[in-house]
Amino acid sequence: IQHVILAGHSFGGQVAAQCSLLHPERIEKLVLIAPAAVRHKPTLRNYVLKYMAKTAGILLYAVPPNIRANIKHAVYALLRGRDYFMAYGIMRNVFKKLTQEDLSPVLKDIKTPTLLIWGKKDILTPIADGKFIAEQIPGVTFKVFLGNGHNFHTEDPEKLVEIIREFIQ
């Protein structure tokens with residue numbers, strides 16, 4: 001495939017942004033839907049949660065494996081880490097690496113015509129990240145929707161298609 005219009009949501013948005021940086025000659029247009037591309041310094045809460053999770057993981061080895069898997073699944077879902085839990089093998093390693101990478105310093109290097117879409121009610125990737133990304137990418141088209149959250153594609157798929165279609169024509 002030589003020329004594509006590439007779209008990505010959340011983690012996929014980060015991957016799509018990286019693709020546009022690595023292969024700008026192949027990407028005609030880029031659509032980023034609440035890309036998880038900006039990292040923030042860990043807070044005290046992050047450190048506490050991390051060490052609690054490690055401790056709980058160690059304690060779970062005393063629980064039978066089938067019950068342990070159910071407990072882990074419930075905890076990941078609760079903490080919104082379901083994507084990580086569902087990844088296996090090398091995909092899990094790729095997921096860990098990419099979710100720790102901050103694209104902030106290189107967003108300005110995206111030269112592909114880009115549409116950035118955000119839901120104002122997004123609690124997973126805050127609107128402040130969207131505003132920051134919009135300021136970094138030259139010539140970006142930034143659309144914010146007041147009634148939507150992170151999963152724009154399931155909340156209002158018709159509107160999403162309309163916005164993307166308008167951008168790519």
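A few notes on this one:
- Fully extending the segment from Val63 to Phe142 would add 23.6 nm, taking 0.36 nm per residue of separation and subtracting the current Cα-Cα distance.
- Tyr61 accessible area, assembled protein chains, probe 1.4 Å, Å²: 150 Å²
- Cα gyration tensor, the chain - rounded (a/c under 1.5), prolate or oblate: prolate
- Other residues with beta-carbon under 12 Å from the beta-carbon of Val38 carry, at +1 per Lys or Arg and -1 per Asp or Glu, a net charge of -1.
- Taken over the chain, lysine pairs spaced eight or more positions apart, or on distinct chains, with alpha carbons under 19 Å apart number 27.
- Distance (nanometres) between label positions extended 7 Å along Cα→Cβ at Lys131 and Asp109: 2.7 nm
- About its Cα centre, the stretch 94-169 has a charge dipole of approximately 120 debye under the convention of +1 per Lys or Arg Cβ and -1 per Asp or Glu Cβ, with nothing else charged.
- Debye, to nearest 20: dipole size of the chain, +1 on Lys, Arg Cβ, -1 on Asp, Glu Cβ: 760 debye
- Label-point separation, Lys54 to Glu158 (7 Å along Cα→Cβ), nm: 5.0 nm
- By accessible area, using a 1.4 Å probe on protein heavy atoms only, the chain has 61% of its surface on carbon and sulfur.
- The stretch 127-150 and the stretch 12-50 have Cα centres lying 13 Å from one another.
- MRE, 222 nm, helices only [DSSP H, n ≥ 4, -39500 (n - 2.57), over the chain, to nearest 500]: -14500 deg cm²/dmol
- Total formal charge among the other residues, if their Cβ is under 14 angstrom from that of Pro105, Lys/Arg +1 and Asp/Glu -1: -2
The values are calculated or read from the model by the stated rules, or taken from the named source; none is laboratory data. What you are looking at is a predicted structure, and each value in this text was computed from that prediction instead of being measured. Backbone-built Cβ (ideal geometry, glycine too); neighbour counts: all protein chains shown. Calculation scope for accessible area: heavy atoms of the full protein, side chains included, ligands and nucleic acids excluded. Shrake-Rupley method; radii C 1.70, N 1.55, O 1.52, S 1.80 Å.
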